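The values are calculated or read from the model by the stated rules, or taken from the named source; none is laboratory data. Keep in mind it's a predicted model, so treat the numbers as computed, not measured. Every residue, glycine as well, gets a Cβ built from its backbone with ideal geometry; the counts of neighbours run over all protein chains shown. When the accessible area is computed, the model is the full protein with side chains, heavy atoms only, and any ligands, DNA or RNA have been set aside. Shrake-Rupley method; radii C 1.70, N 1.55, O 1.52, S 1.80 Å.
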Amino acid sequence: MPYFTRQVAPNGLIINAYIGVSEARRDALVAAQQAVPNPIQILGLIDTGASHTCVDPSVLNQLGLTPTGTVQVATPSTGTQPVMHDQYDTSLIIFAGQGHPPLVHLTIPVTKSELLTIQGFHALIGRDILSGCLLTYDGVNGFFSLAY
């Protein structure tokens, strides 16, 4: 089982990842003989409280994506009434390190979420990704491991 271990950053469990266009979008661009945007390297915060992965609009805009739907989002700041957010189909790659294959999702819906970059990351890595992983948090020693 591939895995990696990282030190806990001051702002949490931060990982390097790449966000790109979905497999279907890539295929459509290639068929239309249009350029496929390169995946964008991002910092993601592992968030076990997030049911799905959220990405800052600055990243989605760089990829030239348009929404594929909407989803209700409920957080402590939304109160009792969920709010609607745009959803986008993307690809997501998380590299484990030398000698280990990456964790690859060729198509995964993500939710647009404002204000992530001012917190020091571009995405919340939610339980939609984590459901296929084993996450170990060692708060005493300041490390975490992610296996998939």
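At-a-glance table
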read-out: Residues within segment 105-146 that are farther than 19 Å from TYR18 by Cβ, at pLDDT below 95 and of a type in the set (A, V, I, L, M), tallied; value: 2
read-out: Cross-chain or 6+ apart pairs with Cβ under 6 Å, segment 122-148 first and assigned to a strand (DSSP E or B), then small (Gly, Ala, Ser); value: ALA123/GLY44; LEU124/ALA50; ILE125/GLY44; LEU134/ALA147; THR136/SER145
read-out: Only one of TYR18, TYR88 that is without any contact (Cβ under 8 Å) to a residue 60 or more places away in the chain, surrounded by 13 or more Cβ atoms within 10 Å (Cβ to Cβ) and among the aromatic types (Phe, Trp, Tyr); value: TYR88
read-out: For ALA74: the one exception among (1) among the small types (Gly, Ala, Ser); (2) open to solvent by less than 50 Å² (accessible area, probe 1.4 Å); (3) without any contact (Cβ under 8 Å) to a residue 24 or more places away in the chain; value: (2)
read-out: Complete set of residues in segment 9-31 that are part of a strand (DSSP E or B), out of contact with any Ser or Thr (no Cβ under 6 Å at 6 or more places or on another chain) and within 28 Å of TYR137 (Cβ to Cβ); value: ALA9, GLY12, ILE14, ILE15, ASN16, ALA17, TYR18
read-out: Meets criteria (farther than 22 Å from ARG127 by Cβ and either open to solvent by 80 Å² or more (accessible area, probe 1.4 Å) or free of Cβ contacts under 8 Å to residues at least 60 places away in the same chain (or both)) for VAL30; value: yes
read-out: Residue that is open to solvent by less than 30 Å² (accessible area, probe 1.4 Å) and over 18 Å from ALA50 (Cα atoms), where the choices are ALA147, ALA123; value: ALA147
